[in-house]
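The values are calculated or read from the model by the stated rules, or taken from the named source; none is laboratory data. Quick caveat: nothing in here was measured; it's all calculated off a predicted structure. With ideal geometry, Cβ positions are generated from the backbone for all residues, glycine too; neighbour counts draw on all protein chains shown. Ligands, DNA and RNA are stripped out before the accessible areas are found, and what is left, the full protein with its side chains, is counted by its heavy atoms. Shrake-Rupley method; radii C 1.70, N 1.55, O 1.52, S 1.80 Å.
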There are 2 protein chains.
Amino acid sequence: MTAIKESSTIQENKQYALEKCPVTFVMEKIGGYWKPIILYHLSTGDKRYSELKRAIPAVTEKMLIQHLKQLEADGLVIREAKPVVPPFVTYKLSNAGTGLLPVIDAMAAWAFKVKDGVYTI
Amino acid sequence: MTAIKESSTIQENKQYALEKCPVTFVMEKIGGYWKPIILYHLSTGDKRYSELKRAIPAVTEKMLIQHLKQLEADGLVIREAKPVVPPFVTYKLSNAGTGLLPVIDAMAAWAFKVKDGVYTI
DNA sequence: ACAAGTACTTACCCTAAAGTATGTATTATG
DNA sequence: CATAATACATACTTTAGGGTAAGTACTTGT
């Protein structure tokens, strides 16, 4: 979980943007290539780690858990581990995570409008 | 506008995500620290370049035009330049850009819910 | 005995995004 | 004659994010 230099303009600006801009706040949570995709896959119900891995073949294991851990730390997903062997771990959306689905939907709606040429870009 | 290496895994994955995931498509357009903030400032009406600069003091000029140019290239904002001197350039939201406002609003709504403790994260 | 499956972890590298600093053209104004 | 104001541009450096590759622990199946 890559160390961050505690004093860099980029971090200060992130701080500024986080406080000033709710959108940036959301971006912090669901930004990155994989988080939205993970969220999407969890929106249809809980999934095991290995299920997610198979569902998103292009993601590396490092990226997958790294983002799962971040999503968990941000309270968007809930991890449940059964103390068995081989391990049995499932991930599911929390209330906050579920609350993000309308945002995801609004984004998807806009994306499809653009692709359907509704907006003559 | 930083040149991109045409063959790197990161670019291939971005491609994958762009095709598979409408959310990533939106992220491409409004991701980055400054784009949402710029969009937000333009949501209340057109602004001159210098007005934006003053309205967002933490952004550097390089970042500001770089993002404005990208937003323009993506058809989200429209640039209008009057051929006078000193230059007089205004930026405003296009239809597509305006179409994004509901997304921004949904994000803001979620962010405020989180901050108000609606979701016991 | 050894591979396979599970859910990770860790060390190292590479690249794209962000930041710093300075320069450009044009005209008005003191 | 020099400075200010406008809207940029550009060379160079830094940093955070993403990728590669390999290893860990524990058990079941062959």
Original post:
What does the average come to when, for each residue of peptide A:82-89, you count the partner chain Cβ atoms lying within 10 Å of its Cβ?
Top reply: 0
Original post:
Over the Cα atoms of the protein assembly as shown, how large are the radius of gyration and the largest Cα-Cα distance (Dmax), in Å?
Top reply: 19.3, 74
**OP:** Provide B:Lys35, B:Lys29 ordered by accessible surface of protein heavy atoms (probe 1.4 Å), highest first.
**Re:** B:Lys29, B:Lys35
**OP:** Place the label 7 angstrom along Cα→C-beta at B:Lys62 and in each other copy, then list the distances from the first to the rest in nm, shortest first.
**Re:** 2.7
Original post:
Near the axis that takes chain A to chain B, which A residue has its beta carbon closest, and at how many Å?
Top reply: A:Ala106, 2
Original post:
Counting only protein chains, not ligands or nucleic acids, how are A:Arg54, A:Arg48 ordered by accessible area (probe 1.4 Å), most first?
Top reply: A:Arg54, A:Arg48
**OP:** Would you mind working out the magnitude of the charge dipole of the range A:9-115 relative to its Cα centre, with +1 at each Lys and Arg C-beta and -1 at each Asp and Glu C-beta, to the nearest 20 Debye?
**Re:** 300
Original post:
Where the label is 7 Å out from Cα toward Cβ, how close does A:Pro102 come to the same position in every other copy, in nm, shortest first?
Top reply: 1.2
**OP:** List the distances, in nm and shortest first, from the label point of B:Glu51 to the matching label points in every other copy, placing each point 7 Å from Cα along the Cα-to-Cβ direction.
**Re:** 5.2
**OP:** Could you pull the accessible area for B:Tyr49 with a 1.4 Å probe, rounded to 10 Å²?
**Re:** 50
Subject >> 17 Å tail of the calculated P(r), chain A, as % of Cα pairs >> reply: 64
Original post:
Using a 1.4 angstrom probe and counting only protein chains, how large is the accessible area of B:Thr120 in Å², to 10?
Top reply: 120
Subject >> Unsatisfied cross-links (Cα-Cα over 19 Å) in the set B:Lys35/B:Lys92; B:Lys35/B:Lys69; A:Lys29/B:Lys62 >> reply: A:Lys29/B:Lys62
**OP:** Compare B:Asp46, B:Asp74, B:Asp116 by solvent-accessible area with a 1.4 Å probe and give them largest first, with all protein chains kept in place.
**Re:** B:Asp116, B:Asp46, B:Asp74
